[in-house]
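The values are calculated or read from the model by the stated rules, or taken from the named source; none is laboratory data. Every value quoted in this text rests on a predicted model; they were computed, and no experiment measured them. Note: ideal-geometry Cβ built from the backbone for every residue, glycine included; neighbour counts use all protein chains shown. Accessible surface areas use protein heavy atoms only, side chains included; no ligands, DNA or RNA. Shrake-Rupley method; radii C 1.70, N 1.55, O 1.52, S 1.80 Å.
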Amino acid sequence: MDERASQFFLSVGRLCGDARIARLTVRLTLLTGEEVVGVPEPPPETEGDEQLDAIGYADAVTVDGVVVALSDVVEATVAHPERRPGQD
């Protein structure tokens, strides 16, 4: 995995961890086009064979009880808790 891809997965992991603290909603878009939306759990930190490309996280993330592979995430967003799209 190249350095940019590793940085992306590290950023998604940190986003999920930070969003969990504030109970913010994230939307993860997966390789399949499926979207997983909800309050995330931070990805499990690990070392060794379970680690995704030496980023310190296992290749898994849980959002609203749904476990997906961190390596399947192609886009991640976080929603403002008091604003929805289209609101002024």
Go through the range 46-73 and report how many residues are at pLDDT 90 or above and in contact with a helix residue (DSSP H, G or I) (Cβ under 6 Å, 6 or more places away or on another chain). 1
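Go through the range 28-43 and give me each residue that's open to solvent by 80 Å² or more (accessible area, probe 1.4 Å) and touching a Lys or Arg at 6+ places or on another chain (Cβ under 7 Å). Quick ask: steps written out before the conclusion?
Our first condition is that a residue be open to solvent by 80 Å² or more (accessible area, probe 1.4 Å); within the range 28-43, this holds for 31-32, 34-35.
Within the range 28-43, Glu35 is the sole residue that qualifies.
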Listed by first then second residue, the pairs whose first member lies in the range 13-29 and is under 19 Å from Ala60 (Cβ atoms) and at pLDDT 90 or above, whose partner is among the small types (Gly, Ala, Ser) and part of a helix (DSSP H, G or I), with beta carbons under 9 Å and at least 6 positions apart or on separate chains, are Val26/Ala19
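So is Thr32 over 30 Å from Glu82 (Cβ atoms), hydroxyl-bearing (Ser, Thr, Tyr), modelled with pLDDT under 90 and more than 11 Å from the chain's Cα centre (by Cα) or not?
On the way: over 30 Å from Glu82 (Cβ atoms): yes; hydroxyl-bearing (Ser, Thr, Tyr): yes; modelled with pLDDT under 90: no; more than 11 Å from the chain's Cα centre (by Cα): yes.
Taking the combined requirement at face value, the residue does not satisfy it.
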